[in-house]
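Take a look at the structure below.
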């Protein structure tokens with residue numbers, strides 16, 4: 001009779017364990033283990049054989065790199081915009097009017113932060129300098145070559161020195177990159193402590209990936225293009 005009672009109790013325990021938890025929990029009266037929906041958040045040793053399937057929309061990020069604020073990136077884990085973890089310094093933001101008649105943004109105030117989501121070359125130039133013109137032409141050619149080869153979202157901003165105010169049209173005859181006219185007051189050249197031909201590469205989150213006091217865009221074309229391709233990688 002005792003053996004039969006024990007067998008009945010064991011059978012009940014096994015049935016309960018299959019629904020609520022382990023045999024040990026049932027026999028000892030302890031709590032049953034419930035697998036979390038996201039086991040990676042509760043420990044790697046927990047595996048859910050029947051995970052809850054959420055609707056596709058619930059699994060989609062609520063942010064993307066192009067809509068996160070300047071200096072932030074989309075974290076796929078939290079699906080939120082966060083401060084980018086990086087060893088790079090953040091680029092100073094600025095806004096200047098585009099004086100290039102051939103540019104798509106002619107007459108508009110173009111901000112560096114408006115380029116969030118893409119890689120941007122910031123080149124400091126004179127409008128009346130023949131070497132500067134060749135630099136801008138080579139920069140534009142490099143960007144367009146990369147675009148044709150699948151490296152999208154790369155652009156350039158040329159910052160014209162205040163002394164050449166009104167002269168951007170001379171350079172604009174040959175290029176369609178934005179030629180942003182700087183001013184003596186609150187100068188971007190001063191903000192960046194720039195000199196002629198100073199060049200920065202800013203990534204999609206607003207961080208400086210490369211800086212050159214002078215890089216010949218013709219002789220060092222490969223250096224420039226490799227830096228731009230690398231900056232596309234998070």
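The values are calculated or read from the model by the stated rules, or taken from the named source; none is laboratory data. Quick caveat, the model's predicted, so the values are computed rather than measured. Here the Cβ is made from the backbone with ideal geometry for all residues, glycine too, and neighbour counts use every protein chain on show.
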Counting only residues that are over 15 Å from residue 91 (Cβ atoms) and touching a strand residue (DSSP E or B) at 6+ places or on another chain (Cβ under 7 Å), give me the helices (runs of 4 or more DSSP H) lying completely in the range 105-217 with at least 2 of them.
130-148, 168-172
When the residues of the range 178-214 are filtered to those that are on the phi > 0 side of the Ramachandran plot and in contact with a helix residue (DSSP H, G or I) (Cβ under 9 Å, 6 or more places away or on another chain), which remaining residue is modelled with the highest pLDDT?
197
Quick one: residue 217 ticks every box in (1) modelled with pLDDT of 95 or more; (2) within 24 Å of residue 102 (Cα to Cα) except a single one, so which number is it?
(1)
When you look at residue 177, is it under 25 Å from the mean Cα position of the chain (by Cα) and surrounded by 18 or more Cβ atoms within 10 Å (Cβ to Cβ), yes or no?
yes
Taking the stated definitions as given, is residue 147 assigned by TED's automatic domain parsing to the domain that holds residue 215, free of Cβ contacts under 8 Å to residues at least 60 places away in the same chain and under 25 Å from residue 213 (Cβ atoms)?
no
Count of the range 165-174 residues which are buried (at least 19 other Cβ atoms within 10 Å of the Cβ) and touching a helix residue (DSSP H, G or I) at 6+ places or on another chain (Cβ under 9 Å)
1
